[in-house]
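The values are calculated or read from the model by the stated rules, or taken from the named source; none is laboratory data. The structure displayed is predicted, hence computed values, not measured ones. Heads up, the Cβs are rebuilt from the backbone with ideal geometry, glycines too, and the neighbour counts pull from every protein chain shown.
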Amino acid sequence: MSIEVQNITKIFGNFTALKDLSLHVPTGELVALLGPSGSGKTTLLRIIAGLETADAGTVLFHGEDVENKHVRKRKVGFVFQHYALFRHMNVFENVAFGLRVRARKKRPSENEIRERVHKLLNLVQLDRMAARFPSQLSGGQRQRVALARALAVEPKVLLLDEPFGSLDARVRRELRQWLRHLHDELHITSVFVTHDQEEALEVADRVVVMNEGRVEQVGTPDEVYHHPATPFVYNFLGNVNLFHARIEKGKAYIGELAIDLPHAQPDSESAMVYVRPHLLDISRARGENGDLRARVVHINLAGSIVKVELLSEKGDTIQVEISQERFSQLLLKKHEDVYVTPKEVRIFPQDYSI
Ligand code: ATP
């Protein structure tokens, strides 16, 4: 079932949480709503679910306006950050709950319920724990039960609000991959809210980057990461170095350094140049186009890459990420003066601000 959000506005008191927001989620897609705290992700999810009403705009499920359709009739499955499992029911009964409370005519037989619940518990790899109570499970296991419970009623749309938010980093990573695999198997149109870039980029088919109640960009993880439409997206999706530059005749000048620009840019005395830490290199020799001189102030060797923090002659902090191999070649030391060269830069028109 596809979801179409058209020109939604939501106002709380005198605060506009969503501003004329539109979004299309095709059938079977797994979409992440990604944005900082307060950007309106949960509000949008709740409006899609029918838990909140919009002040203007429409939500269509499979082309049908669902404004007057009660939450229960929307065939939506929910999973929230705090797994609201029934404490007095075991895992099996938690998952079976949505089926048991159906009107008699629509309720499956006891055998069918048993079969469906075991199938779902197998899917979330918890069949052996069917008799346990929520208090006897780990956080990750409880969240998987919550997901099985949401899936039991065969929703057409699955909505997840920070589903792994309260779990530790390792369990989060595991559940992330697991959600991806589950979605590949079931293909239920799914929307999940997260403020974690890595989570969104790793799990989603498409990422909706939100900021102050608006959509900044919608795209595949690759598109939003490698081709950010705005400085906000560039900044939000990873670390970035910002340099003040002057643009003249197709080149950007950062101090002594001249960089050829891939696209035509109007001349400017006050442009901002954006460079990701892994797109900067460090060398001992000055390059032919000039370089940025900087002093090494910190080296972090823990991890698959080496993170080097430098201070430019103008006093700006520069973050650089290089491979362990490159680091061994350079034999960098703290307090040394070196040259920093960008391999790729990004310049946004001046009317954008972060
Ligand atoms: P977070 O990641 O912190 O959960 P979010 O992006 O999900 O943030 P929302 O929960 O959608 O953001 O909230 C968007 C804005 O609307 C926030 O500034 C919030 O304070 C405000 N807001 C949300 N619900 C209400 C409410 N019931 N009454 C008043 N303001 C609200």
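Considering (1) surrounded by 15 or more Cβ atoms within 10 Å (Cβ to Cβ); (2) near the ligand (Cβ under 8 Å from one of its atoms); (3) not basic (Lys, Arg), the lone condition that Ser2 does not fulfil carries the number (2). Taking segment 268-332 as the region of interest, the strands (runs of 3 or more DSSP E) fully inside it that hold 2 or more residues being at pLDDT 95 or above and β-branched (Val, Ile, Thr) are 292-300, 305-312, 317-323.
Okay, residues lined up against (1) outside any helix (DSSP H, G or I); (2) surrounded by fewer than 14 Cβ atoms within 10 Å (Cβ to Cβ); (3) in the same structural domain as Gln197 (by TED's automatic domain parsing):
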residue	(1), (2), (3)
Leu33	yes, no, yes
Ser37	yes, yes, yes
Thr58	yes, no, yes
Asn94	no, no, yes
Lys105	no, yes, yes
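Is segment 245-256 home to any residue that is surrounded by 18 or more Cβ atoms within 10 Å (Cβ to Cβ), under 29 Å from Ser328 (Cβ atoms) and not assigned by TED's automatic domain parsing to the domain that holds Asp161? Yes, segment 245-256 contains at least one residue that is surrounded by 18 or more Cβ atoms within 10 Å (Cβ to Cβ), under 29 Å from Ser328 (Cβ atoms) and not assigned by TED's automatic domain parsing to the domain that holds Asp161.
In the set (1) within 16 Å of the ligand (Cβ to nearest atom); (2) in contact with a helix residue (DSSP H, G or I) (Cβ under 9 Å, 6 or more places away or on another chain); (3) over 18 Å from Asn211 (Cα atoms); (4) at pLDDT 95 or above, the condition left unmet by Asp55 is number (2). For segment 21-33, residues that are within 16 Å of the ligand (Cβ to nearest atom) and closer than 18 Å to Thr9 by Cα total 3. When restricted to residues that are under 18 Å from Ser166 (Cβ atoms) and in contact (Cβ under 8 Å) with a residue 24 or more places away in the chain, segment 118-142 contains 8. Would a scan of segment 172-188 turn up a residue that is in contact with a Gly (Cβ under 6 Å, 6 or more places away or on another chain) and surrounded by fewer than 16 Cβ atoms within 10 Å (Cβ to Cβ)? Among the residues of segment 172-188, at least one is in contact with a Gly (Cβ under 6 Å, 6 or more places away or on another chain) and surrounded by fewer than 16 Cβ atoms within 10 Å (Cβ to Cβ), which makes the answer yes. Can you find, within segment 175-230, the residue that is farthest from the ligand (Cβ to nearest atom) among those that are in contact with a strand residue (DSSP E or B) (Cβ under 6 Å, 6 or more places away or on another chain) and of a type in the set (D, E, K, R)? Once the filter is applied, the top-ranked residue is Asp205. Only one of Ser304, Ser270 is under 14 Å from Ile347 (Cβ atoms) and of a type in the set (Ser, Thr, Tyr). Can you tell me which? Just a single option satisfies the conditions, and that option is Ser270. Right, Phe192: at pLDDT 90 or above, more than 21 Å from the chain's Cα centre (by Cα) and aromatic (Phe, Trp, Tyr) or not? Against the criterion (at pLDDT 90 or above, more than 21 Å from the chain's Cα centre (by Cα) and aromatic (Phe, Trp, Tyr)), Phe192 does not qualify.
Just to be sure, is Phe86 crowded, with 18+ Cβ neighbours inside 10 Å and either away from the ligand (no atom under 16 Å from the Cβ) or not assigned by TED's automatic domain parsing to the domain that holds Glu154 (or both)? When the stated conditions are applied, Phe86 does not pass them. Any residue in segment 136-144 that is surrounded by 13 or more Cβ atoms within 10 Å (Cβ to Cβ) and among the basic types (Lys, Arg)? There is at least one residue in segment 136-144 that is surrounded by 13 or more Cβ atoms within 10 Å (Cβ to Cβ) and among the basic types (Lys, Arg).
Evaluating Ile48 against the criteria (1) part of a loop (DSSP other than H, G, I, E, B); (2) within 16 Å of the ligand (Cβ to nearest atom); (3) of a type outside the set (Ser, Thr, Tyr) leaves one unmet condition, (1). Highlighted here are the helices (runs of 4 or more DSSP H) found entirely within segment 195-238 that include at least 2 residues which are more than 19 Å from Leu158 (Cβ to Cβ), at pLDDT 95 or above and charged (D, E, K, R): 221-226. Exactly one residue among Arg128, Arg149 is within 28 Å of Thr194 (Cβ to Cβ) and either not in a loop (DSSP other than H, G, I, E, B) or not assigned by TED's automatic domain parsing to the domain that holds Phe164 (or both), and that residue is Arg149.
Scanning segment 216-239 for residues that are more than 21 Å from Gln319 (Cα to Cα) and buried (at least 22 other Cβ atoms within 10 Å of the Cβ) turns up just one, Val224.
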